[in-house]
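First the structure, in the form of structure tokens, and then the observations on it.
Any read-out appearing in this document is the output of simple, stated calculations on the displayed coordinates, not a laboratory observation. From a predicted model like this one, the values you see are computed outputs, not experimental measurements. FYI the Cβ positions are ideal-geometry reconstructions off the backbone, even for glycines, and counts take in every protein chain you see.
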Amino acid sequence: MKPTYLSALVIGAVLSGCAGQAETSQPAAATAPVPAAQPTLGADSYRAFADWRRDFRRRALAEGIRPQVFDLAFRDVTLNQEVMRLDGRQAEFTKPIWEYLDTAASASRVDTGRRQWQRLADTLDAITARYGVDAQVVLAVWGMETNYGSYRGNTSTIEGLATLAYEGRRRSFAETQLLAALRILQSGDTGPEQMRGSWAGAMGHTQFMPTSYLEYAQDFDGDGRRDIWGEDPTDALASTAYYLSRFGWRQGAPWGLEVVLPAGFDYAQADPDRRRPVADWRALGLTTADGRPLPDHGPASLLVPAGAQGPAFVLFDNFRVIRRYNNATAYALGVGHLADKLAGGGEFRAAWPRHERTLSRAEKQELQQRLTALGFDTRGADGVIGPNTMSAIRAFQQSAGLVADGYASESLLKQLR
């Protein structure tokens, strides 16, 4: 699968993905980072980096990289302080899911996507015919990743990955990606100057990581190169479609549907990783948002991203495929919603609880501590709202006569205080 990363390309500090990052879980909401101090590097740092580069060159050559390829790729490469800053920043506050989706599927993004669809209609038809992936989904990934190619990132992939391999949080992973990037250069698909993208190594129109590129990139236009970096997005769009097809995309099937839950619904059933037959959901009283019987597109799970106060969704297999591109629930919901709107769909019917503010990590820790002190054990106060905390929240809500949706909200914290 294409590795997907947290990229700051499209939505400012909003979560974005890249192909091949499903191997690494991404946060389920956009983050607004706390500014970090610019690192100050002394001569010792650059000497140590030079030592690392010499050692990595030896290992790369042992893996089959030709000396001239390595030396050309690393010409003028140095430690990138901006990459170091971005890798070290700490996210404190998260953006509510509705604000994330406001941007992900904004009117301007939908309008631009429809114009691109019209402009590239023949190409997209051919891609759909070959790979069996709906055109609006390929467009939605493109729109989410780089705003239809308008900003693909300008960091040298070699320099960015070399910096992360030398002094990043996941050095082994970065070295693997760096070696893959050198293999791409050695193949002749692009050159070092053209190989640019996000600070974390994601490249091109639809943000492929180098290892995913090697496995899934396509030469759809038949020019002998798998070019995901240039102005023509054809190869990148085909590569994305191939990637999704390899992970089981079902053409014509929805990623999910907005649903209405019956009164008194047991929100413990809402778990995006727990699937059950549609017949079971029908028996529990779920209907589509417009009141029709729930259609059967295979086993489905239930997602209530804002608790009982917001929309509810059943999620089918195609949602899981999108998450292989970027393993963030918010990202997959954004791609699905944008794709639906590109194809003529509208906004979700249920309103979001826009009066609520997303809790900071410190506030989530406080919520966990207060719940535990009241006898509703969260089994730790790490500031991460996982199954244990949600169970504790539901138990507290039931004891207080509230709807037991397990949602960690500002209102709930105020009640606990």
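Things to note:
- Rounded to the nearest 10 degrees, the angle from helix 121-131 to the longest Cα principal axis of the chain is 80 degrees.
- Computed over segment 205-329: relative contact order in percent, which uses C-alpha pairs under 8 Å that are six or more apart: 24 percent
- Efficiency of FRET between E410 and R66 - r from beta-carbon atoms, R0 60 angstrom, step 0.05: 0.55
- In this rough spin-label picture, where each label sits 7 Å from Cα along the Cβ direction, the D51-R89 distance is 3.1 nm.
- Rounded to the nearest 10 degrees, the angle from helix 171-187 to the longest Cα principal axis of the chain is 50 degrees.
- The string of couplings for segment 149-162 from the Karplus curve (6.51, -1.76, 1.60, θ = phi - 60°) is x, 6, 9, 9, x, 10, 7, 4, 4, 5, 5, x, 5, 5 Hz, one whole number per residue in order, with x for Gly and Pro.
- Once backbone amide H atoms are built at 1.01 Å from N, A19 has F208, M209 as its partners under 5 Å, excluding neighbours fewer than 5 places away on the same chain.
- Counting other Cβ atoms within 10 Å as a rough exposure proxy, the listed residues F74, F220 run F74, F220 from fewest neighbours to most.
- Cα-based helix-to-principal-axis angle, 234-246 vs the chain, degrees rounded to 10: 50 degrees
- Here segment 256-342 is treated with +1 on each Lys and Arg Cβ and -1 on each Asp and Glu Cβ, and its dipole about the Cα centre works out to around 200 debye.
- Once the Cβ-Cβ distance of D266 and A129 is raised to the sixth power relative to R0 = 35 Å, the FRET efficiency obtained is 0.20.
- 3J(HN,Hα) along segment 61-73, derived from phi through the Karplus expression 6.51 cos²θ - 1.76 cosθ + 1.60 where θ = phi - 60°, amounts to 5, 5, 8, x, 6, 6, x, 5, 5, 4, 5, 5, 5 Hz, with x in place of Gly and Pro.
- The phi-based Karplus calculation (6.51 cos²θ - 1.76 cosθ + 1.60; θ = phi - 60°) puts the 3J(HN,Hα) values of segment 399-408 at 5, 9, x, 9, 5, 8, 9, x, 8, 8 Hz, whole numbers, x for Gly and Pro.
- Dipole of the chain [Lys/Arg +1, Asp/Glu -1 at C-beta], most positive-end residue of T288, Q118, G386: G386
- Helix-only mean residue ellipticity at 222 nm for the chain, each DSSP H run of n ≥ 4 adding -39500 (n - 2.57), per residue, nearest 500: -14000 deg cm²/dmol
- Less than 5 angstrom separates the built amide H of T287 from those of V260, all sequence-distant by 5 or more or on a different chain.
- For V384 and L284, a Förster radius of 30 Å and the Cβ-Cβ distance give a FRET efficiency of 0.55, rounded to the nearest 0.05.
- Each of T287, T329 has some number of other Cβ atoms within 10 Å of its Cβ, and from fewest to most they run T287, T329.
- Taking Cα centre as origin and charging only the Cβ of basic (Lys, Arg, +1) and acidic (Asp, Glu, -1) residues, the dipole magnitude of segment 361-416 rounds to 40 debye.
- The chain, relative contact order [Cα under 8 Å, separation at least 6], %: 20 percent
- Cα-centred dipole magnitude for the chain, charges only on beta-carbon of K, R (+1) and D, E (-1), debye, nearest 20: 640 debye
- Scanning residues 5 or more positions from A300 or on other chains, those with amide H under 5 Å from its amide H are R276, V278, with H placed 1.01 Å from N in the peptide plane.
- For H205, H337, the sequence from fewest to most other C-beta atoms within 10 Å is H337, H205.
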